[in-house]
Amino acid sequence: MRLNPLGLVLTFAALVVPIIWLPALNHGGDTLALFSQYMGMAALIAMAISQLIATRFKVVEMIFGGLDQGYVLHKWLGILAMVFILLHDTIDADMRHLGGQNWLEELAETLGELSLYGLLILVVITIATFIPYHLWRWTHRLMGGFFVAGAAHYLFILKPFKNGDPLGLYVSAFCLLGCLAFSYRLLPARLRPSRRYEVAEATPTGNALAITLTPKGRALRYRPGQFVFASFASAEPHPFTISKAPSDDGQLRLSVAKLGDFTHRLHGNLRVGDAVRIEGPFGHFERRSRGKGQQELWIAAGVGITPFLAWAQALTDQDDPVHLVYCVKSKPAAAHLAELEALAAQKPNLTLHLHVSSSDGRADADSILAKTGQDPAKLTVAFCGPKPMRKALISGFGKRGVSARRFKFEEFEIRTGIGLQRLANLLFERVALPERIKTRLDL
Ligand SMILES: Cc1cc2nc3c(=O)[nH]c(=O)nc-3n(C[C@H](O)[C@H](O)[C@H](O)COP(=O)(O)OP(=O)(O)OC[C@H]3O[C@@H](n4cnc5c(N)ncnc54)[C@H](O)[C@@H]3O)c2cc1C
């Protein structure tokens with residue numbers, strides 16, 4: 001999914017609105033200090049919006065167009081806020097004509113510094129994606145605490161306007177919004193809106209575990225391709241796509257691959273009857289037919305097959321013909337292969353192609369088009385899988401005339417970096433390090 005422009009426009013508007021009030025402020029001719037004050041306010045606004053996105057409220061998805069993309073904006077707003085804070089700190093925001101500070105204002109100054117250094121460390125930790133997720137998650141929770149310190153700094157510091165003035169009220173409203181959003185995220189999962197389910201079946205399929213869940217109350221309503229946050233036996237919620245189309249029995253199915261500590265443990269420990277809390281549904285990765293004469297190509301890599309299982313089940317006779325290319329390392333690793341083969345046999349408009357990378361090599365746009373025989377001019381591509389593969393495919397299909405608009409995807413990673421690894425690779429390539437050092441650095 002791509003970001004909804006509405007979310008970007010609203011965020012941009014929220015950041016620039018304070019500029020309206022700046023010219024009328026008594027800044028004693030110190031425009032640099034005034035700019036620095038604005039940077040401080042913009043940082044608070046950016047962080048408040050970032051906190052709001054992390055609540056996963058429905059309205060967030062409506063505005064930003066998919067939670068996966070909301071989280072990408074959440075990350076960039078955090079980085080932008082850090083830049084604003086650094087500018088606010090480097091350029092002196094003190095306005096001498098306002099007079100000396102009392103103890104409360106001095107305390108506010110200290111809180112500002114605490115917030116600056118705390119956030120700086122946390123942003124660096126966040127963009128260094130090599131830190132394991134479960135450790136990073138705990139450090140990330142502190143972010144809200146430093147935001148609260150920043151908001152207190154703003155409320156009590158000496159500034160050229162009062163908290164009750166329109167500008168003061170505007171920024172205070174964002175401070176309040178950010179603090180409320182942060183407090184909401186601190187609530188245990190069972191106190192946030194969620195539905196109770198129970199494990200009815202857990203069956204290994206390829207390298208994944210197919211978990212069927214039965215509702216213990218009202219069932220979740222969702223569309224094929226959407227995902228949920230599932231909390232197994234009160235553990236931290238993790239995002240998983242619902243790997244089946246909606247059905248009358250209200251059951252859900254999650255197909256979970258072993259990707260880290262939690263998912264490894266789940267494969268070993270999950271039992272029938274275990275309680276599961278489900279938050280959602282989220283995401284806008286939905287199949288949209290572009291009309292007669294158009295061709296659809298779905299490309300799944302590994303456990304990225306999950307949304308396409310739901311799409312394939314929901315495919316009707318009236319739908320356009322679809323080619324599904326399922327890329328796996330080896331045939332035994334292919335989750336739900338028998339089910340997909342049965343679906344392809346049942347549905348004349350669904351053609352399944354298995355791409356086994358150990359024997360067929362890496363899948364790229366040319367090999368996929370050769371396999372499916374489709375015309376790139378009439379093609380809409382939907383992809384779910386790892387980011388490097390997605391980037392290579394977007395570029396490959398782009399060269400064959402499939403524009404980025406006709407290439408649809410979902411971020412399968414909520415915590416995404418800022419390309420530091422790529423940058424390091426580029427720099428090290430230029431510096432021409434000896435081979436033995438490159439090997440040690442894993443470049
Ligand atoms: C929208 C979406 C849909 C997904 N659908 C599926 C699916 O259908 N099947 C499947 O097997 N996997 C799916 N994933 C990936 C799955 O969420 C991770 O593999 C799983 O959370 C890994 O957890 P771990 O602790 O075992 O691994 P770790 O090694 O701790 O984490 C591996 C990566 O998973 C992500 N992750 C870990 N914990 C969380 C968490 N609590 N919240 C958010 N992200 C987390 C992080 O990006 C992390 O870098 C999906 C992810 C997203 C974002």
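The values are calculated or read from the model by the stated rules, or taken from the named source; none is laboratory data. The shown structure was predicted, so the numbers you read here are calculated from the model rather than taken from an experiment. Here the Cβ positions follow ideal geometry from the backbone for every residue, glycine too, while neighbour counts run over all protein chains shown.
Things worth noting here:
- Selection count where residues are in contact with a helix residue (DSSP H, G or I) (Cβ under 6 Å, 6 or more places away or on another chain) and within 14 Å of Arg56 (Cβ to Cβ), scope region 212-237: 2
- Residue satisfying all of: in region 218-231; at negative phi and crowded, with 22+ Cβ neighbours inside 10 Å; nearest to the ligand (Cβ to nearest atom) among these: Phe227
- Any hit, region 306-321, residues being in contact with a helix residue (DSSP H, G or I) (Cβ under 9 Å, 6 or more places away or on another chain), surrounded by 16 or more Cβ atoms within 10 Å (Cβ to Cβ), assigned by TED's automatic domain parsing to the domain that holds Ala370 and not aliphatic (A, V, I, L, M): yes
- Selected residue (only one of Ser243, Ser231, Ser194, Ser183 is under 30 Å from Ala43 (Cα atoms) and not aromatic (Phe, Trp, Tyr)): Ser183
- Single match in Pro307, Pro246 (criterion: touching a Cys at 6+ places or on another chain (Cβ under 7 Å) and either within 16 Å of the ligand (Cβ to nearest atom) or not basic (Lys, Arg) (or both)): Pro307
- Close pairs (8 angstrom Cβ cut-off, 6 or more residues apart or separate chains): of a type in the set (S, T, N, Q) in region 342-362, assigned to a helix (DSSP H, G or I) anywhere: Thr351/Ala344; Thr351/Thr372
- Consider region 356-407 and keep the residues that are touching an Asp or Glu at 6+ places or on another chain (Cβ under 9 Å) and assigned to a strand (DSSP E or B). The one that is nearest to the ligand (Cβ to nearest atom) is Cys384.
- Any hit, region 267-280, residues being within 12 Å of the ligand (Cβ to nearest atom), under 17 Å from the mean Cα position of the chain (by Cα) and buried (at least 16 other Cβ atoms within 10 Å of the Cβ): yes
- Annotation note: of Leu22, Leu104, the sole residue that is buried (at least 17 other Cβ atoms within 10 Å of the Cβ), of a type in the set (A, V, I, L, M, F, W, C), in the same structural domain as Leu158 (by TED's automatic domain parsing) and outside any loop (DSSP other than H, G, I, E, B) is Leu22.
- For region 115-137, a tally of residues being surrounded by fewer than 16 Cβ atoms within 10 Å (Cβ to Cβ) and either more than 10 Å from the ligand (Cβ to nearest atom) or among the charged types (D, E, K, R) (or both) returns 6.
- Every pair of residues 6+ apart whose Cβ atoms lie under 7 Å, when the first sits in region 378-406 and is farther than 24 Å from Ser243 by Cα while the second is assigned to a strand (DSSP E or B) and aromatic (Phe, Trp, Tyr): Ile394/Phe407; Phe397/Phe407
- All conditions in (1) within 28 Å of the chain's Cα centre (by Cα); (2) in a loop (DSSP other than H, G, I, E, B); (3) not polar (S, T, N, Q) hold for Phe308, with the sole exception of (2).
- Selected residue [surrounded by fewer than 16 Cβ atoms within 10 Å (Cβ to Cβ) and not acidic (Asp, Glu)] from Lys371, Lys378: Lys378
- All conditions in (1) under 22 Å from Gln346 (Cα atoms); (2) assigned to a helix (DSSP H, G or I); (3) under 20 Å from the mean Cα position of the chain (by Cα) hold for Ala300, with the sole exception of (2).
- The residues of region 218-248 that are free of Cβ contacts under 8 Å to residues at least 40 places away in the same chain and more than 19 Å from His336 (Cβ to Cβ), listed by number, are Arg218, Ala219, Ala235, His238, Asp248.
- Count - residues of region 49-62 that are within 14 Å of Leu10 (Cα to Cα) and surrounded by 20 or more Cβ atoms within 10 Å (Cβ to Cβ): 6
- Here is the figure for region 320-355: residues that are among the charged types (D, E, K, R) and assigned to a strand (DSSP E or B) total 0.
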